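One structure below.
The values are calculated or read from the model by the stated rules, or taken from the named source; none is laboratory data. Model, not experiment: these values are computed from the prediction. Quick reminder, even Gly has a Cβ in these numbers, built from the backbone with ideal geometry, and neighbours come from all protein chains shown. Heads up: the accessible areas ignore ligands, DNA and RNA and are worked out on the full protein's heavy atoms, side chains in. Shrake-Rupley method; radii C 1.70, N 1.55, O 1.52, S 1.80 Å.
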Amino acid sequence: MKNPYELRYEIYNTAKERLMDKYFQDNSEWQSFQEWKRDVEAEGNTVTAIPTIPERPVYPSHEEILAEANKIYDFVQQKQ
């Protein structure tokens with residue numbers, strides 16, 4: 001059985017993985033749109049499409065990871 005410190009660390013790592021996965025997915029989608037837009041504009045066309053990720057994603061901060069970990073911890077603590 002894991003001690004409380006190991007459980008907290010595991011929850012922290014789970015939160016970090018979730019946010020990192022989202023970051024890399026969003027960043028890939030943002031970059032793909034930017035490359036497509038650059039190619040279309042290089043041909044002299046105007047892009048009117050709205051990207052699903054409007055701004056470049058920001059790498060998750062320690063505070064964001066802790067907030068996500070607290071959400072997971074709160075969920076785990078529920079007795080319902």
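Before moving on, here are some points about what is shown:
- Test: Lys37 is more than 30 Å from Ala69 (Cβ to Cβ) and at pLDDT 95 or above: yes
- Just one of the numbered conditions (1) touching a residue at least 24 places away in the same chain (Cβ under 8 Å); (2) under 16 Å from the mean Cα position of the chain (by Cα); (3) open to solvent by less than 90 Å² (accessible area, probe 1.4 Å) is not true of Ile11: (2).
- Any hit, region 32-55, residues being under 18 Å from Glu10 (Cα atoms), surrounded by 14 or more Cβ atoms within 10 Å (Cβ to Cβ) and touching a residue at least 12 places away in the same chain (Cβ under 8 Å): no
- Qualifying residue in region 27-40 (condition: under 17 Å from Glu63 (Cβ atoms) and of a type in the set (Gly, Ala, Ser)): no
- When Lys22, Lys79 are screened for being within 25 Å of Leu7 (Cβ to Cβ) and not in a helix (DSSP H, G or I), only Lys79 passes.
- Among residues of region 15-31, those that are farther than 20 Å from Glu55 by Cβ and loosely packed, with under 13 Cβ neighbours inside 10 Å, counted: 1
- The listed residue being in a helix (DSSP H, G or I), in contact (Cβ under 8 Å) with a residue 12 or more places away in the chain and either closer than 30 Å to Tyr5 by Cβ or open to solvent by less than 100 Å² (accessible area, probe 1.4 Å) (or both), out of Tyr73, Tyr59: Tyr73
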